[in-house]
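Single-structure report; data block below.
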Amino acid sequence: MPLPGIGAVPAAGSLYNELSAVTRRAFVPRLFVQIYFGSPSLYYMIGNAQRAAGGLNQITIPAQAQSMVQGQFVGYGGGFNSPVVTPGIQNLQFALAYWVVPVPLPFGETVIQATDREISLLKARMNDVFAVTRQNMARLLYLNNTTNSLFPDSFLNAFDNGTNFPLYGGINRTAQGNTAFQGQLINVATGAYTVGTVATLGFKRASMATFVAQVTDGAGGEAPTFIVMSPGDYATLNNDFIGIEQLNPTVGNPYTMDTQVRTSFPNLVVSGVPVFNDHFCPKGQVFAVNCKYTAMYLSEDAAFDFSGFYSLVPLGQIGQQGVTVVGYEVCTGKPSANAIAQTVGGAQF
């Protein structure tokens, strides 16, 4: 309803009622969505997604967790021990999770909005299908999803060392001989990080460089692809970089009121590893992700597919409905190449 008593519009009453009865509202033919957040992590994972098809445990990754041969030094005679067959390969196994979004198209909406519409409810609803799906997928990247077998895995259980999630991909990380399947769970309230008091003041340049070096060493010499933090934790690290910013004037290029000076950083690079923030990343936790081994797998048969609209007449109703389906999983074939830093303090908000 139009609002009375604002600007030149008369106050509520007979004059206002007459005016509103014969006057159309000025209308902005755009829908401004007030909710939802972007997720750099999700966009990165979708952009590098791998394909998955049908079958039991649609994602099965053979993984070697111990040496399968033995070596030795030999002397003048060249003799050596006979080789021993040592099994060293197990399968990490994952099942796709399926997310569906039903889409209604009522009869009344169809006939009323056939013409003279400003905002198409159907178009808005279809856009919302993608937004709702994206928000859910981004949120689940960082949550404990093991309590529901229908949910996909997350960074949280993929990168754990067995302390909180002993089972991963059907393998018990705490069993004898399976330590290679443990991720890197780093408590910054202990060890070298207590020197920089990361648990109290948050990550700074030096402590983040230490974290990158530790994760790289724990991964066998491979640096993570990216590091993601909550916006509050990222602001703490970013402020440390801002403290050493400097503006270098260029000779012959005077600075005036029209000169733009850019300060602060949308993302940081520490020891060659990009660091950015994600709204969905929990405060106090920092995730180091190696995309050589960690990926999102999308179903070939359900990759954000829409069924099309089908009539509800057989159900005794004039109208239609459809459904969007996406089958996916987020998993890693080498948990030790990834890491989680926990109990990080000092978030700016």
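Once you order the gyration tensor axes a ≥ b ≥ c over the Cα atoms, which shape class does the stretch 86-209 get: rounded for a/c under 1.5, otherwise prolate or oblate by comparing a/b with b/c? Because a/c hits 1.5 or more and a/b fails to exceed b/c, the stretch 86-209 counts as oblate. Think of each Lys and Arg Cβ as +1 and each Asp and Glu Cβ as -1; about the Cα centre, that makes the dipole of the chain roughly 120 debye.
Our estimate of slack between Q321 and A114, defined as 0.36 nm per intervening residue step minus the Cα-Cα distance, is 72.8 nm. Taking the chain as a Gaussian network of alpha-carbon nodes connected by springs under 10 Å, the highest mean-square fluctuation of the residues V85, V275, V326 belongs to V85. Comparing I171, I242, I61 in a Gaussian network model of the chain where C-alpha atoms under 10 Å apart are linked, the largest mean-square fluctuation is found at I242. Sorting V344, V313, V129, V228 by the number of Cβ atoms found within 10 Å of their own Cβ, with the fewest placed first, yields V313, V129, V228, V344.
Note on K334: lysines with a C-alpha under 23 Å away, same-chain residues under 8 apart excluded, are K292. Count charges around V9 for me, please; just the other residues with Cβ under 15 Å from its Cβ, Lys/Arg as +1, Asp/Glu as -1. Here the charged neighbours net out to +1.
In the chain, Cα pairs under 8 Å separated by at least six residues give a relative contact order of 25 percent. Normalised Debye scattering of the stretch 62-132 at q = 0.13, 0.15, 0.28 Å⁻¹ gives log10 I(q)/I(0) of -0.67, -0.75, -1.23, counting only Cα atoms as equal scatterers and leaving out solvent. N136 sits among other residues whose Cβ lies under 15 Å from its own Cβ, and their net charge, with Lys and Arg +1 and Asp and Glu -1, is -2. Fewest-first ordering of M257, M45 by other beta carbons within 10 Å of each residue's beta carbon gives M257, M45.
Using 0.36 nm per residue and subtracting the Cα-Cα separation, the extra length available between D258 and N164 on full extension is 28.4 nm. Between helix 205-218 and the chain there is an angle of about 60 degrees, using the helix long axis and the longest principal axis of the Cα atoms.
Determine the shape class of the stretch 1-118: with a ≥ b ≥ c the square roots of the Cα gyration tensor eigenvalues, call it rounded for a/c under 1.5, and otherwise prolate if a/b is greater than b/c, oblate otherwise. Verdict is prolate for the stretch 1-118. Each of G183, F226, P83 was placed along the dipole of the chain (beta-carbon charges, centred on the mean Cα), and the one lying farthest toward the positive end is F226.
Electrostatic tally near R24: other residues with Cβ closer than 15 Å to its Cβ, Lys and Arg +1, Asp and Glu -1, net -1.
Full extension of the chain segment joining Y36 with V69 gains 6.6 nm, where the gain is 0.36 nm per residue of separation less the Cα-Cα distance. Site pair F80 and T174 shows an inter-label distance of 4.0 nm when each label is modelled 7 Å from Cα along Cα→Cβ. Working from Cα pairs under 8 Å separated by at least six residues, relative contact order for the stretch 70-175 is 25 percent. Against the main long axis of the alpha-carbon atoms of the chain, helix 231-242 sits at an angle near 70°. Under 23 Å of direct C-alpha separation, and excluding same-chain neighbours fewer than eight residues apart, K283 reaches these lysines: K204. Indicate the gyration tensor shape class of the chain (rounded, prolate or oblate), computed on the Cα atoms with a ≥ b ≥ c the square roots of the eigenvalues: a/c under 1.5 is rounded; otherwise a/b larger than b/c is prolate and the rest oblate. Oblate. Normalised by the number of residues in the stretch 1-119, the mean separation of alpha-carbon contacts (under 8 Å, six or more apart) gives a relative contact order of 23 percent.
By the count of neighbouring beta-carbon atoms within 10 Å, fewest first, V269, V289 end up ordered V269, V289. For the options S336, S82, S41, a Gaussian network treatment of the chain with springs between C-alpha atoms closer than 10 Å singles out S82 as fluctuating the most. In angstrom, the C-alpha Rg and Dmax of the stretch 41-85 are 21.5, 60.
Quick note: the coordinates plus some simple rules give every number you see, no bench work behind them. Keep in mind it's a predicted model, so treat the numbers as computed, not measured. Here the Cβ is made from the backbone with ideal geometry for all residues, glycine too, and neighbour counts use every protein chain on show.
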